[in-house]
Amino acid sequence: MKKFVVPVLGLIAVLGLFSFDTTHALLIGEADNPANIADSTSWGGSARAAIRSVINYFLYFLGLVATIMVIYGGFLYVTSGGDDAGSEKGKKILIAAAIGILVILVSYALVNTIIGAGSLQEPPA
């Protein structure tokens, strides 16, 4: 089972890093506005936006892994059939996955608050 799971998770991670947002591509055809072209071909034109995008992709992937662990832990817990060892293992996995989801949510909020704070600019007077 482990020989199958690791390559699949690696493939999902690689495909997630190379995925792109198709809604930005639609902005090019709307007008010949250089701002639309810049927004559709880059991560907003700043290193801050690029870093935030990479971290968010990583956190999305971790959220997917944590969700899979919740399903796996629940499966172990339900199918333990009263066996204490299987039940305890399922509980430990569920608790660890729940803590992991909380850490991921807090990390997502912190990253988008701290890195996104500098992107707000004063309107020109």
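Assorted remarks:
- Per-residue Cβ neighbour counts within 10 Å put LEU59, LEU102 in the sequence LEU102, LEU59, beginning with the fewest.
- Listing PHE58, PHE75 from fewest to most neighbouring C-beta atoms within 10 Å gives PHE75, PHE58.
Computed from the coordinates by the stated procedures, all read-outs in this text should not be read as laboratory data. Being a predicted model, the structure only gives us computed values, none of them experimental. Cβ: placed from backbone, ideal geometry, glycine included. Neighbour counts: every protein chain shown.
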